[in-house]
Each structure stands twice: as structure tokens, then as C-alpha cells.
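The values are calculated or read from the model by the stated rules, or taken from the named source; none is laboratory data. Computed from a predicted model, the values in this text were never measured in an experiment. Every residue, glycine as well, gets a Cβ built from its backbone with ideal geometry; the counts of neighbours run over all protein chains shown.
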Amino acid sequence: MSDLSANIATELGGKVGVGAFDASFAQLSTDVSALDTRLDTFMNGASTAYDTLLEIQTALTDTSFNTYIVGEISTLQSQVDSKATSADIAAAIAAIPPTDLSGYATTSALSAATGNIELIIQELETDLSGNYATKTYVDSAVAAVSGGGGGSVDLTPYALIADVDASFAAVSTLVAGKAAFADVSAAMVSVKDEILGGVGPAFDTLIELSNELQTQSSAASALAVQVSSKANDGDVVHLAGAETVTGTKTFDTINVSNINSVTATELGYLSGVTSGLQDQITALSQSSGGVDLTSNQTIGGDKLFTGLLSTFKASEAFVTATVSGTTATCDFSQGGVFRITPLSSTLMTANFTNVPLVAGRTITMVLIMDNSTTFKTRVSTCTVNGSSVGTTIRWSGGSTAVPAVTSSNIAIQTISFLCLNDGAITTTFSSVNPFW
């Protein structure tokens, strides 16, 4: 029966079961398993060669087997027949005259020996070749299984082999032409993959999709509210493309590449402008901070002209020097032409202050010596910015002597300083021109 159960399981393995047959087949499998258990208990370890009724029936109907068993029984019977029975032994003992029997077996010993012989015979009868049952054992088993002979195994609740075979044939007919379970499983996986279309495991079930759609629906509703508050496309300025923009627009910061061919760099020059450029330029030219090209203006501070300075006319003011004894103090920050009125006819010293001594330049002082008074003199030595000029004045005409005083009323004396290094006077030149 265990073989039958295994055969059914093997035959039905991998097939798609019929719904109406599933329950009956499950009950049949349970009953067959219970029958297997009871038969195993009944067979009590019998050889697999005789654990089915068919195998037992075949063995019983085998002439050679019966002949073998009958021969073995006859042999055993012959051996038993040649042995003395207990009665024969007792009679033989009784016939022996009284003598010393210490070397012979007693009756109890012989009885015990006879019992052992019977046990040996029984062992030979039940295990003729070490593995086969006796005919009596087989007859009892057949009677028990068939329900006769006082057997205790009741097989009426179980199907006959013919019934099982018929059921198996019906199942085979039902499953014939049906797809194997493995084929159906593969087809189901293929259909599932086609439906999913490569979607990830986070969205491969309906409940996951439903949850996500609800979440997206909430997000879409919030987005719709935000979109509804936005301006229409036609009401806004686009980032690309040409458009005409009207009305007033206020920008905190604006970056452009060009406006009407004006580049971003040129536009950057307008940074900080707070009013009309032309108005500012006009105002700047008229203020003290700029040079007016047409109006009269006083300009202060140092001005450096690196190119040619061309003028139609020039007027230079003179500064009255401060005279103390024979020293005349001339402040160059006030001008470069000084009027000196001597207090005596003694040669004078000119003290020039605030003189910028720049390398590679010359500075010329013009001294108007007012000799209209009684005293006639000129400047023979000088100091610059508080320090004595370390060089001798070189006079015009190639003379090293101080020019003689004339009787002129006015004399124009020029003193020029040559600077080759910053802060140092290299050479001093001077000339005196008398005027009536």
C-alpha cells in the first residue's frame, strides 16, 4: 500500500488538481496513510518481498516454493522420528538393571534437552532460510487480512485496489492534456511581470498603488491651490524671447548684457548715479571740484600735466616776502614770484619754504628786488625747507662772483634749483637783470 500511495503522489505531482476532486483525494490520502500504518504494524517487519497480498499469494501458489517447504518439513520430521521420545527414554532407563548411573543424564535433564530440541525445530520452521515465513504464518496473515479466521484487521472502511485504480484512472483522464503546475506557475510569473512592466517592489501591489495615489492626490490638491493663486502665462514677463513690457516695474537688482548697444561694463559706470548725468556734469563743471572750460575759476592744489601745456595768455601773481634783517622768507605754497624790499644794502639770504623737491625736475623762483629805496642789494645765498643749499650758486655769464649792485631801481633775480634725486638739490642757478 505504501507503494500505491507513492505511485499516486508521483503520478499526480506537478498537475493542476480539479477542485471537486481535491477534498476526496485528500481524504483518500489520509485513509491510505492510516492503512499503511496498520499494515506496517501487522507485517511486523516482514521482508519487502512479501509485504503485499499479491506477493504472498504468488509465493503460496508457487509449486517450487511449496515443494521446498514440504521437503524441509519432511527432513525435519525424519530427524525428529529418529530421535527417542521421553517415553522411550524412560522405558529404556527402567529396563536397565540398577547400577552406577552417575555418568548418565537424569530424566529432568533429558526432558530439558527434549524441550530444547523442540524449540530448535520451531525456529527452523519459522525461519527456513533466515528471511521467509512458514506456511502457517502466511495462512494466518492471509486470513487476518481477508477478515476471516478470527483476524483483528478490519479493511471494510478502505477502498479496494480495483477502486483505487479506477479513481486513479479517472484522475489521469481529468488531468490529461492539462498544463503542468510548473508551466502554470511560469505563465503566471510572466503575466505578472508584463503587468508590472519593471515597476519597483515599492509599487508592485494594488494596496501600494492605492496608498501612493492617495498621497499624490493630496499633493496634487495642494499644488492646484498654489497654481490657482499664480498669474496666467499671458500676464507675466517671460525669461526668454522678445516682449514689450509696459507700466512701472521695480527691481531690487537687475543684470543685463546690453541695452541699446550699451554694454554691461558701460552700464556699470552709472553705479551710484542719483540724478540726471548731464545735470551732474554741468553742476560739477561749475563747482569748485571741477574745471570749468568756459567760465572764470580759481583752481587750487597741485596739478600735473604730462603733455604739452599750451596757453594763449597767462598771468601770475606775486607774493610779498617777509623780510627780517637780511633774510627774506618766501612761502612757495603761496606762489613762485616774490617781491622783496631790502632793509639794507647788505647781500641777502632767501629762505624758501614748502618747496616740493622731486627727482628729475627744476623749480624756478622769481625775485622782484625793489631797490627804489636807498638800499640796493640782491640775494647771494638761500635755504630750502629750512636747510642750507649745499652747492654754490652758479651765476649767469659764467662768473662765480656775485654780480655787482647797480644803480637800477628794480632788479629781477631768478633762482633755479635742479633736483636729480628726491629731496636733494643738485645745482643752483641764478641771474640778475637790472631795470631802470
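For the range 301-334, a residue qualifies if it is part of a strand (DSSP E or B), more than 11 Å from Ala350 (Cβ to Cβ) and in contact (Cβ under 8 Å) with a residue 12 or more places away in the chain, and the qualifying residues are Val319, Thr320, Asp331. Total residues in the range 352-378 satisfying the condition of being surrounded by 16 or more Cβ atoms within 10 Å (Cβ to Cβ) and either among the charged types (D, E, K, R) or not assigned by TED's automatic domain parsing to the domain that holds Ala424 (or both): the figure is 2. When we screen Ala49, Ala90 for residues that are assigned by TED's automatic domain parsing to the domain that holds Ala162, of a type in the set (A, V, I, L, M), at pLDDT below 70 and touching a helix residue (DSSP H, G or I) at 6+ places or on another chain (Cβ under 7 Å), the only hit is Ala49. Screening Ser324 against (1) over 24 Å from Leu367 (Cβ atoms); (2) hydroxyl-bearing (Ser, Thr, Tyr); (3) modelled with pLDDT of 75 or more leaves a single unmet condition, (1). Of all the criteria given as (1) closer than 22 Å to Ile363 by Cβ; (2) in contact with a strand residue (DSSP E or B) (Cβ under 9 Å, 6 or more places away or on another chain); (3) modelled with pLDDT under 90, the one not satisfied by Leu343 is (1).
Counting only strands (runs of 3 or more DSSP E) wholly contained in the range 335-436, the ones carrying 2 or more residues that are of a type in the set (Val, Ile, Thr) and under 30 Å from Gly301 (Cα atoms) occupy 337-340, 348-353, 361-370, 379-384, 410-419, 427-435.
Answer yes if at least one residue in the range 385-404 is more than 30 Å from Thr306 (Cβ to Cβ), surrounded by fewer than 16 Cβ atoms within 10 Å (Cβ to Cβ) and in contact with a Leu (Cβ under 7 Å, 6 or more places away or on another chain), and no otherwise. Yes. Consider the range 341-351 and keep the residues that are farther than 14 Å from Ile415 by Cα and not polar (S, T, N, Q). The one that is surrounded by the fewest Cβ atoms within 10 Å (Cβ to Cβ) is Leu347. Among the residues of the range 67-84, those that are surrounded by 11 or more Cβ atoms within 10 Å (Cβ to Cβ) and among the β-branched types (Val, Ile, Thr) comprise Ile69, Val70, Ile73, Thr75, Val80. Remark: Thr374 falls outside the filter, which requires a residue to be within 30 Å of Leu304 (Cα to Cα) and among the polar types (S, T, N, Q).
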